[in-house]
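Worksheet: the structure to be examined is printed underneath.
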Amino acid sequence: MDTKGQIIVFLWYLAIGFVCGILYDVFTPFRLLIRKKAKKNGAIAIGALDVAFWIGVCVLTGACAYALHLPTVREYAWLALLIGGIIYLKSLRRIVAFLQNLCYNTCKRIRPKQKLGRNAQKKAEREV
């Protein structure tokens, strides 16, 4: 393969790594939910979710390589996947996190406060 072809393959794998970074952000709320819900087996559940994420990354990478007729996976392809993920985490992820916090704070401010029943009020007072 000539140099031009290798650069094109590198850029494709860079884009796939960027998409994998987006997938990582999709899995993050599930990790937080599992951490809150599962007290005893939380580490096992989070480990299973991590395995599911990496299996998804492998499937995505393989499917994209097959669909785009990319040659065999070489060392620079793994490097491009890593760099693409890092580019996402260092750039677009900050923008997404900012917008997520903005939406959360807006919804929290708009949502009316719920009235607590007597038992809930007593429990809230005891916790303070």
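From ILE55, ILE16, which residue is in a helix (DSSP H, G or I) and surrounded by 15 or more Cβ atoms within 10 Å (Cβ to Cβ)? Only one candidate passes the filter, namely ILE16. The set of residues in segment 21-37 that are surrounded by 15 or more Cβ atoms within 10 Å (Cβ to Cβ) and either of a type in the set (D, E, K, R) or in contact with a Lys or Arg (Cβ under 6 Å, 6 or more places away or on another chain) (or both) comprises ASP25, ARG31. Restricting segment 58-89 to residues that are loosely packed, with under 11 Cβ neighbours inside 10 Å and more than 19 Å from the chain's Cα centre (by Cα), which is nearest to GLY17 (Cα to Cα)? Filtering segment 58-89 for residues that are loosely packed, with under 11 Cβ neighbours inside 10 Å and more than 19 Å from the chain's Cα centre (by Cα), the one nearest to GLY17 (Cα to Cα) comes out as GLU75.
Since every read-out is calculated from the coordinates, none of them should be taken as a lab result. No experiment lies behind these values; they were computed from the predicted model shown. Positions of Cβ are generated from backbone atoms using ideal geometry, with glycine treated the same way; all protein chains shown enter the neighbour counts.
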